[in-house]
1. In terms of solvent-accessible area of protein heavy atoms at a 1.4 angstrom probe, what is the ranking of Lys343, Lys135, Lys205, highest value first?
2. If Lys and Arg each add +1 and Asp and Glu each add -1, what is the summed charge of the other residues whose beta carbon sits under 15 Å from the beta carbon of Arg168?
3. How many percent of the alpha carbon pairs in region 297-358 exceed a separation of 20 Å?
4. Using the Kirkwood radius over Cα pairs, work out the Stokes-Einstein diffusion coefficient for region 336-408 at 10 °C and 1.306 mPa s, in µm²/s as a whole number.
5. Please give the per residue accessible area of region 284-370, computed with a probe of 1.4 Å over protein heavy atoms only, in Å².
6. Sort 161-172, 84-95, 211-222, 299-310 for me by packing, meaning the mean count of neighbouring Cβ atoms within 10 Å per residue, highest on top.
7. Of all accessible surface on region 107-259 at a 1.4 Å probe, what whole percent is carbon and sulfur?
8. Any chance you could look up the accessible area of Arg265 with a 1.4 Å probe, heavy atoms only, rounded to 10 Å²?
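The values are calculated or read from the model by the stated rules, or taken from the named source; none is laboratory data. Not measured: the values here are computed from a predicted model. Virtual Cβ from ideal backbone geometry, glycine too; neighbours counted across all protein chains shown. Side chains included, ligands, DNA and RNA excluded: accessible areas come from the protein's heavy atoms. Shrake-Rupley method; radii C 1.70, N 1.55, O 1.52, S 1.80 Å.
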Amino acid sequence: MDISAFLFLSASFFLFYFVFSHAADNITQSQSLSDSEGTTLVSKDGVFVLGFFSPGDSTNRYLGIWYNNIPIPTAVWVANRRNPITDSSGVLMVNSSGRLVLLKQNSTVAWSANSTKEAGNSIVQLLDSGNLVLKEENEENPENYLWQSFDYPSDTWLAGMKLGWDLRTGLERRLTAWKSPDDPSPGELSWGIELHEYPEIVMKKGSSEFFRIGPWNGLGFNGAPEIRSTAVYKFSFVTNKDEVYFMFDMIQHSVITRSVMNQTRYERYIWVDGKWSLYYYFPRDECDAYNLCGVYGNCIIGESPICQCIQGFKPKSEETWNPDEWSKGCVRSTQLSCQDKEKIGFVKFVGYKLPDTTYTWVNQSMNLEECRVKCLNNCSCVAYSNSDIRDVGSGCVTWHGDLIDIKPTAANYTQDVYIRMPASEPVAKGKQKMKVIVIVVVAIAAVFGVLSIPYCLCKMTNLKEKMENNVMIEQNIEGQSEDLEVPFFNLTTIATATNNFSSNKKLSEGGFGLVYKIK
């Protein structure tokens, strides 16, 4: 092949070979890409390049896709990430069976596209979306692929790429971090959808949950308000009998953006002013750590994270409640009797990331009141909520088993969740406490009024002495004092009711004085 130009580019992350004379976006069964010859595929409008590269300081060779017109080498997909080639013998081709294969020394297969569809006269093509596709050469449907790289993401999420599951084939599309900038093989952290009744996106470290953004509520994720549609791109979450997936599509196609799962976190970048600008990332703080505070625990971020029990619960061991004990979680302050529904109610929690949805039940046609009744009549149900908060809210999701991974959230589209409690906890007790406070405040005001009477009488006497000749004014003042009716409790009554102002009866203390509880 006549090579008219050769450019060697070294960067902190990648080493690439570009060949400008070869601008085709596809190869047929009679063609190939060769690392030794430096041949590449370039998408139709020149957005992406497919070729061989070496990451960072590594000398291993990989087949990958990267941005064509961005001066900072940025790979978005790697084919043979588990099986590097140690020299420049790599060759990509469509074999006689119509399969896409990557060969190395002595024609050994280093990687192949695991297409399950029968292939005849097939070609491989690089699209401007960054998707590498294998399809029949004469296929009239442009989206009818035998295989596509978007089904097998590496660490990068691009517009139009589905993250989630094809339930018909069992295929999972999941981001997986590189082990290091020098090694694109799968690392510990991954990002994808967990197939619960109420699906949610979870970051895992190995096989363990590491971070959770909460389920999709129709508008966004209440545990990750940053992940939302903008004027630049829009998100969509699809769940049906065939697929469960999350994706984004570009509105302003001139903007370049990507999401990356790296060795420590998930990040979204936008290309601005000649550099990749970090837009947002997860986890954001220590409270984002999965289930840090145990069951019914709630993490509050400050200079350091602090775990508390949510309303109606207390630490399993109050004496040893410290960071070493937080994972043990909380227990109910008052045990529930499932049989006596008269004594069961629900507390409305606002502004929290919804609990882990592993053990949930969903009905999309129920309203919130039907959902409450459904939960009330099921002894295993500990909480309920609307599954979709658009408009006035719709659908029903119920939680069964202990609630975990609860945290305050700053999302504008928070989802109210109702947690099962004793009936006296959410309503009756709250109202009674308000009554007590009102009574005490009135009593204190009355006492203040009583103590003010001598002062008022003194002022009135002085006024009378100064205005002895003005009988009308004097009579008016006397008439006003006669009309004044101030209800009050005497000090003896208040002292008795508060056990002589015992500290056990004190509710609170403020600038106006002390507030006591009166039976």
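1. On the way: Lys343 130, Lys135 35, Lys205 95 Å².
Most to least solvent-accessible, the answer reads Lys343, Lys205, Lys135.
2. Numbers: positive: Lys117, Lys162, Arg173, Lys241; negative: Asp151, Asp166, Glu172, Asp242, Glu243.
Net of charged neighbours comes to -1.
3. On the way: 754 of 1891 pairs.
Within region 297-358, distances greater than 20 Å cover 40 percent of Cα pairs.
4. On the way: Rh = 12.8 Å.
Translational D for this selection: 124 µm²/s.
5. Details: 4940 Å² over 87 residues.
On a per-residue basis, region 284-370 sits at 57 Å².
6. On the way: 161-172: 16.3, 84-95: 19.0, 211-222: 23.5, 299-310: 14.7.
The densest-packed peptide leads the list: 211-222, 84-95, 161-172, 299-310.
7. Working: 2900 of 6360 Å².
Carbon-and-sulfur percentage of accessible area, whole number: 46.
8. Arg265 exposes around 60 Å² with every protein chain in place.
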